[in-house]
Amino acid sequence: MISHTTEQLVALKGITKIVYLLSFEIGNTTYRFSSGDAEVYHAANPYYPGFIDEMPDIEITSQPTTNDISIDFYDESKVLSTALLSQNWMNKPLKATKQILDANGNVILNKIAFQGYLSDFSIDAQKSITEITASSIWADFEKTSGIKTNAKSQQRYYPNDTAFEHSQSAVDKVYWGKDGPKTQGSTVPSSPYGSPRVQP
């Protein structure tokens, strides 16, 4: 249950504007953007306008949100696209705060509308748009629990799936994207697939 003071309830009747404050990490850098038209300070941190091109309206409810959200950023300077292509971004945290303003631009409420982790991105170089997708922190709670990496457990839920049929005999480690450790007097061939490719 989301509770408000009497003063907030009165002020909410005259809402004229909603602004989203987004913060997320790529590598070791935190990016903060506002969907409004002016720089905003929230929790002593600046949020910069002019970068969010399009994002969905996020409804705040008492139930945890399990969906994904996608946000388009105007990225003419290629700051975000360069960072995404060169740094660690997968499963980095993203938070969207919904800021509700009165007719005079004063903040009535700041509510966390979405929390999740970066799960995908795409780049449209011609339009200078970088799209970032985040999956809710609650998304994993919708997955079926109790499945283990053996055929018997897997086939309890997926009777025709034989993917783990030979898992017990697969005892050799596979070193994906790098050479395995070398022992004295022997060599270990490198992976034929090379390094993992960054998702487009």
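Remarks
- Residue list for segment 41-56, restricted to those being in contact (Cβ under 8 Å) with a residue 24 or more places away in the chain and more than 22 Å from K127 (Cβ to Cβ): H42, Y47
- Within segment 97-131, restricting attention to residues that are under 18 Å from Q87 (Cα atoms) and charged (D, E, K, R), the residue that is modelled with the highest pLDDT is E131.
- Options S86, S190: the member that is among the polar types (S, T, N, Q) and modelled with pLDDT of 90 or more: S86
- Checked against the criterion of being on the phi < 0 side of the Ramachandran plot and either over 16 Å from the mean Cα position of the chain (by Cα) or part of a helix (DSSP H, G or I) (or both), the candidates N88, N104 yield just one match: N104.
- Qualifying residue in segment 15-25 (condition: surrounded by fewer than 18 Cβ atoms within 10 Å (Cβ to Cβ), under 23 Å from the mean Cα position of the chain (by Cα) and modelled with pLDDT under 70): no
- Picking from residues in segment 117-128 that are without any contact (Cβ under 8 Å) to a residue 60 or more places away in the chain and either farther than 13 Å from W89 by Cβ or more than 14 Å from the chain's Cα centre (by Cα) (or both), the one that is surrounded by the fewest Cβ atoms within 10 Å (Cβ to Cβ) is Q126.
The values are calculated or read from the model by the stated rules, or taken from the named source; none is laboratory data. On a predicted model such as this, the values are computed, not experimentally measured, just so you know. For neighbour counting, all protein chains shown are included, and Cβ atoms are generated from backbone atoms with ideal geometry for every residue, glycine included.
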